[in-house]
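Participant: The following block contains the structure, expressed as structure tokens.
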Amino acid sequence: MFRLQAHLATRDAWRSIVRFPATSLAAVFILALSMAAGVVTFAVVDTIVLRPLPYSDSAALVDIAMRTPKTSRGVVSPADYSAWREQTSSFDGLAAWSPSSFQLSDDRGSETVTSVSASASLFQVLRAKPLIGTLFTEADESPGRDTVALISEALWERRYGRDPAVIGTALTLPSGPVTIIGVMPRAFVFPVEATSEPAIWRPYAPRPEERVITASSGRSSYLRVIARLEEAVSIEQARADVERVFGAQAAEHPGLYEDSAVRIDRLQDVLTERVAGWMKLVLGAVALLMAI
């Protein structure tokens, strides 16, 4: 009985297709388009929103930023970063960084590159190691000792033909010559949201007076800060820890912290917050279209 019913249903379906070819073709086309759109949309959402960041145990990475009436996620002052690094206990490491772009020109050609000024702790926080050479250290984080640099594997290949003798050679930057001490592997990209792939990493070397707040120095802010949570520490505990230190700073210098607050969020959420909502909405719309 079931086979007979299936046979009759199949026969009726084919008759409908033959009697109304235009409608049938339109239905098949819409279904195929919906399936293709669904596959493509899910692939994009998976790559950008759902897939973990390309760092070891990336779920433990957080972003620490300032919130003001003008911005929901602003830059941090060196004094705040130093205070969090010295007075909090929720993190396996904190790192500060600041990007810039400039024209790199020498006898090998000219190109615009993205450079990142970063604390040596950045590589410990991200669990990153060089492809060749060594990383810079905390000892390089002072003016006059920061004349070293790491370059990306892409820049190494593009300008030096992957010559291992690049280690120890000079690279002329707008601020002066630096010595290349290591090459970061192609898989290492930080920051991932940079307009162009970062090519150079240099030590963050603030002046001593920037590390503390005084009545005369003010509170200059230009850093981005990330951290790795200690094992078994929740983001809520880390938030309370950071806010405690921030509150002490604000109480000591109320005029410099007026209308400011600190926020801490998962790094992946920060990087995808601008696109996650509408991407999931598009994916839902495609699923609804297929259902219809």
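The values are calculated or read from the model by the stated rules, or taken from the named source; none is laboratory data. The structure displayed is predicted, hence computed values, not measured ones. Glycine gets a Cβ as well: all are built from the backbone with ideal geometry, and neighbour counts include every protein chain shown. These area figures cover heavy atoms from the full protein model, side chains too; ligands, DNA and RNA do not enter into them. Shrake-Rupley method; radii C 1.70, N 1.55, O 1.52, S 1.80 Å.
Participant: Please specify each residue of the range 148-205 satisfying the condition of being among the small types (Gly, Ala, Ser), assigned to a helix (DSSP H, G or I) and open to solvent by 50 Å² or more (accessible area, probe 1.4 Å). Even if it seems obvious, please write down each step before you answer.
Facilitator: Filtering the range 148-205 down to residues among the small types (Gly, Ala, Ser) leaves 149, 152, 154, 161, 165, 168, 170, 175-176, 182, 187, 194, 196, 199, 205.
Cutting the leftovers down to assigned to a helix (DSSP H, G or I) gives us 154, 165.
Selection gives 165 alone.
Participant: Here's another thing I want to ask about it. Which residue, of 200, 180, is over 24 Å from residue 78 (Cα atoms) and of a type in the set (A, V, I, L, M)? Reasoning before the result, please.
Facilitator: Numbers: 200 fails: over 24 Å from residue 78 (Cα atoms).
Residue meeting the stated conditions: 180.
Participant: Would you point out which residue out of 226, 235 is open to solvent by less than 70 Å² (accessible area, probe 1.4 Å), in contact with an Asp or Glu (Cβ under 7 Å, 6 or more places away or on another chain) and β-branched (Val, Ile, Thr)? Reasoning before the result, please.
Facilitator: Values: 235 fails: in contact with an Asp or Glu (Cβ under 7 Å, 6 or more places away or on another chain).
Step by step, each of 226, 235 is checked, and only 226 is open to solvent by less than 70 Å² (accessible area, probe 1.4 Å), in contact with an Asp or Glu (Cβ under 7 Å, 6 or more places away or on another chain) and β-branched (Val, Ile, Thr).
Participant: Looking only at the range 37-56, count how many residues are within 23 Å of residue 239 (Cα to Cα), modelled with pLDDT of 80 or more and either within 12 Å of the chain's Cα centre (by Cα) or surrounded by 14 or more Cβ atoms within 10 Å (Cβ to Cβ) (or both).
Facilitator: So in the range 37-56, the residues within 23 Å of residue 239 (Cα to Cα) come out as 52-53, 55-56.
Pick out the ones that are also modelled with pLDDT of 80 or more and you get 53, 55-56.
Still in the list and also either within 12 Å of the chain's Cα centre (by Cα) or surrounded by 14 or more Cβ atoms within 10 Å (Cβ to Cβ) (or both): 53, 55.
Count: 2.
Participant: In the set 246, 188, which member is at pLDDT 90 or above and under 26 Å from residue 103 (Cβ atoms)? Lay out the reasoning, then the answer.
Facilitator: Details: 246 fails: under 26 Å from residue 103 (Cβ atoms).
Going through 246, 188 in turn, just one is at pLDDT 90 or above and under 26 Å from residue 103 (Cβ atoms): 188.
Participant: Which residues, counting only those in the range 141-176, are modelled with pLDDT of 95 or more, within 25 Å of the chain's Cα centre (by Cα) and not small (Gly, Ala, Ser)?
Facilitator: Selection gives 148, 150, 151, 153, 155, 156, 157.
Participant: Something else now. Which ranges mark the strands (runs of 3 or more DSSP E) fully within the range 54-131 that have 1 or more residues being free of Cβ contacts under 8 Å to residues at least 24 places away in the same chain? Before the answer, list the steps.
Facilitator: Working: elements: 61-67, 91-106, 109-118.
Correct list: 91-106, 109-118.
Participant: Let me ask something else about it. Considering only residues that are modelled with pLDDT of 90 or more and buried (at least 21 other Cβ atoms within 10 Å of the Cβ), which ones fall in the range 206-223?
Facilitator: Taking the range 206-223 as the starting set, the residues that turn out to be modelled with pLDDT of 90 or more are 222-223.
Answer for the range 206-223, where residues must be modelled with pLDDT of 90 or more and buried (at least 21 other Cβ atoms within 10 Å of the Cβ): just 223.
Participant: List pairs: first residue in the range 220-244 and more than 21 Å from residue 192 (Cβ to Cβ), second residue surrounded by fewer than 16 Cβ atoms within 10 Å (Cβ to Cβ) and among the polar types (S, T, N, Q) anywhere in the structure, Cβ distance under 8 angstrom, at least six positions apart or on different chains.
Facilitator: 230/89; 241/89
Participant: Determine which single condition residue 195 fails, assuming it passes every other condition in (1) at pLDDT below 95; (2) more than 19 Å from residue 95 (Cα to Cα); (3) in contact with a Leu (Cβ under 8 Å, 6 or more places away or on another chain); (4) of a type in the set (Val, Ile, Thr).
Facilitator: (3)
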